[in-house]
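Novice: I have a structure I would like to understand better, so I am pasting it below and will then ask my questions one at a time.
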Amino acid sequence: MAQVVKLATLCGWRVYHTHDSRRCVPGFPDLVLVHPGRGRVMWVELKVRKNALTPEQSAWLKDLSRCGEETWVWYPENWQSIERLLTGRDS
């Protein structure tokens, strides 16, 4: 989480993360990343060790995607792809 937030911030993304999700709606994505200069919003769920999404997480990402939003599930082993997306080298 810290590594993603740090890189995103350095690359000009606005980052939202609920630090204490115990009172939040279950399954809401870990991060909302907004880059106005690129006209891009990403909703990101961060996972470790190939843990599966919970049904609530899947529902949130599916509904956001159906609304045309860009959704992602990122694992530490995807770091090179994450880095390309955040730095804008994904095109």
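The values are calculated or read from the model by the stated rules, or taken from the named source; none is laboratory data. Just so you know, these numbers come straight off a predicted model, no measurement behind them. Reconstructed Cβ throughout: ideal geometry from the backbone, glycine too, with neighbour counts over all protein chains shown.
Novice: Is it the case that LEU53 is surrounded by fewer than 17 Cβ atoms within 10 Å (Cβ to Cβ) and touching a strand residue (DSSP E or B) at 6+ places or on another chain (Cβ under 9 Å)?
Specialist: Here the answer is yes, as LEU53 does meet what is asked.
Novice: Pairs, please: C-beta under 9 Å, at least 6 apart or cross-chain, first residue of a type in the set (Gly, Ala, Ser) and assigned to a helix (DSSP H, G or I) and in the range 69-91, second modelled with pLDDT of 95 or more and surrounded by 14 or more Cβ atoms within 10 Å (Cβ to Cβ)?
Specialist: Between residues of the range 69-91 that are of a type in the set (Gly, Ala, Ser) and assigned to a helix (DSSP H, G or I) and residues that are modelled with pLDDT of 95 or more and surrounded by 14 or more Cβ atoms within 10 Å (Cβ to Cβ), the close pairs are SER81/TRP74.
Novice: Taking the range 10-50 only, how many residues are out of contact with any Cys (no Cβ under 8 Å at 6 or more places or on another chain) and either exposed (fewer than 12 other Cβ atoms within 10 Å of the Cβ) or more than 13 Å from LEU85 (Cα to Cα) (or both)?
Specialist: So the count comes out to 28.
Novice: Output the number of residues of the range 28-50 satisfying the condition of being small (Gly, Ala, Ser) and within 22 Å of ALA2 (Cβ to Cβ).
Specialist: Final tally of qualifying residues: 0.
Novice: Is there any pair with a first residue in the range 1-23 that is aliphatic (A, V, I, L, M) and a second that is part of a helix (DSSP H, G or I) whose Cβ atoms are under 7 Å apart and which are 6 or more apart or on different chains, and what are they?
Specialist: Between residues of the range 1-23 that are aliphatic (A, V, I, L, M) and residues that are part of a helix (DSSP H, G or I), the close pairs are VAL4/ILE82; LEU7/GLU83; LEU7/LEU86; ALA8/LEU86; VAL15/VAL5; VAL15/ALA8; VAL15/THR9.
Novice: Now for a separate question. Check LEU61 against each of (1) within 12 Å of the chain's Cα centre (by Cα); (2) without any contact (Cβ under 8 Å) to a residue 24 or more places away in the chain and name the one condition it does not meet.
Specialist: LEU61 satisfies all of (1) within 12 Å of the chain's Cα centre (by Cα); (2) without any contact (Cβ under 8 Å) to a residue 24 or more places away in the chain except (2).
Novice: Now a separate question. Listed residues LEU64, LEU53; which is in a loop (DSSP other than H, G, I, E, B) and either closer than 15 Å to LYS6 by Cα or of a type outside the set (D, E, K, R) (or both)?
Specialist: Exactly one of LEU64, LEU53 is in a loop (DSSP other than H, G, I, E, B) and either closer than 15 Å to LYS6 by Cα or of a type outside the set (D, E, K, R) (or both), namely LEU53.
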